[in-house]
Amino acid sequence: MKIQDPIVIFGKWAEEGKDVGMEKGHANSVKEMLEFACKERADLGKKFSFLDVGCGNGWVVRDIGENKLCERAVGIDGAQQMIANAVSRDKKNEYIQTDIDSFSPFKRFDLIHSMEVFYYLKNPSKTIKRICDNWLNPNGRLIIGIDRYYENFQSHSWEEKVGTPMHLMKEREWKAILEKSGFFGVKTWRVNSSKDWKGTLVITGKTKQFLQNLQRRQANV
């Protein structure tokens, strides 16, 4: 099979309507991830800005855009066809076609989410470090969901099947990347698992100031 850039492959998927299937397949995992992250924002009682990295047809951005505390929802994706699909479905929120590895937001975000993207990146560690240093506000959180990781053995053949380079790392390796990048309170867990499927691996972390703000609020209750 010919090896292609993931942006090329996902662009073709968008043209063929496969983005709708991706939305349905990831919906349950993303729902749990966002419930966790948005509840924390609600506990803080503050409005937040949101970025979806690898937004596809914008389904997550549209969902978060309806949250009463969300004041700005943005989606970025490398595939022009995916962004075109997102814009055609949503005139309310913001979508940017860009190379994730070189993206530099003009304004930072409070919550950054990504589902099934980071193992496609050339250097996930470098991108996660840039997110910590340059993309997130001091009180921000990064939450990532991935289905291809070492412990999920059914995902090991995906690189050959899809025909694009993919990283394959262990759960502890993903956790270590966030910790080394400067995130605090890093945790991992799995959602939407079944008998023959280890589930989506969730990795998340937040800044030190986020922890301090939450601790102060809890102390005052």
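Of everything in region 3-21 that is surrounded by fewer than 18 Cβ atoms within 10 Å (Cβ to Cβ) and aliphatic (A, V, I, L, M), the residue that is nearest to Q80 (Cα to Cα) is V8.
Determine whether region 95-103 contains at least one residue that is part of a strand (DSSP E or B) and over 21 Å from Q4 (Cα atoms). Yes, region 95-103 has at least one match. For region 86-107, the candidate set comprises residues that are surrounded by 10 or more Cβ atoms within 10 Å (Cβ to Cβ) and among the small types (G, A, S); within that set, the residue that is nearest to the chain's Cα centre (by Cα) is A86. Is it fair to say I64 is under 20 Å from Y119 (Cβ atoms), at pLDDT 95 or above and under 19 Å from the mean Cα position of the chain (by Cα)? Criteria not met by I64. In a residue-by-residue description of region 149-157, the property of being assigned to a helix (DSSP H, G or I) and in contact (Cβ under 8 Å) with a residue 40 or more places away in the chain applies to at least one position. Out of all the residues in region 122-148, which are in contact with a Pro (Cβ under 9 Å, 6 or more places away or on another chain) and modelled with pLDDT under 95? Across region 122-148, the qualifying residues are K122, N134.
Taken together, the criteria place G45 among residues that are surrounded by fewer than 18 Cβ atoms within 10 Å (Cβ to Cβ), farther than 21 Å from T127 by Cα and either without any contact (Cβ under 8 Å) to a residue 24 or more places away in the chain or of a type outside the set (S, T, N, Q) (or both).
Please state which one of N137, N85 is touching a strand residue (DSSP E or B) at 6+ places or on another chain (Cβ under 7 Å), among the polar types (S, T, N, Q) and either under 27 Å from W158 (Cβ atoms) or not in a helix (DSSP H, G or I) (or both). Quick ask: steps written out before the conclusion?
Details: N85 fails: touching a strand residue (DSSP E or B) at 6+ places or on another chain (Cβ under 7 Å).
The unique qualifying residue is N137.
Number of residues in region 22-31 that are surrounded by fewer than 16 Cβ atoms within 10 Å (Cβ to Cβ) and in contact (Cβ under 8 Å) with a residue 40 or more places away in the chain: the value is 1.
Inspection of region 81-97 finds no residue satisfying the criterion of being without any contact (Cβ under 8 Å) to a residue 40 or more places away in the chain and closer than 22 Å to K206 by Cα. C132 versus (1) outside any helix (DSSP H, G or I); (2) in contact with a Ser or Thr (Cβ under 7 Å, 6 or more places away or on another chain); (3) closer than 18 Å to D52 by Cα; (4) not small (G, A, S): which is the lone unmet condition? Here C132 clears every test but (1).
One residue stands out in region 151-201 among those that are aromatic (F, W, Y), more than 16 Å from V117 (Cα to Cα) and surrounded by 13 or more Cβ atoms within 10 Å (Cβ to Cβ): the one that is farthest from the chain's Cα centre (by Cα), namely W197. Reported count of residues in region 33-77, each being of a type outside the set (D, E), part of a loop (DSSP other than H, G, I, E, B) and either out of contact with any Phe, Trp or Tyr (no Cβ under 9 Å at 6 or more places or on another chain) or over 25 Å from I7 (Cα atoms) (or both), is 7.
On the stretch given as region 48-84, residues that are more than 13 Å from T98 (Cβ to Cβ) and buried (at least 22 other Cβ atoms within 10 Å of the Cβ) total 10.
The values are calculated or read from the model by the stated rules, or taken from the named source; none is laboratory data. Computed from a predicted model, the values in this text were never measured in an experiment. Cβ atoms come from the backbone with ideal geometry, glycine included; neighbour counts cover every protein chain shown.
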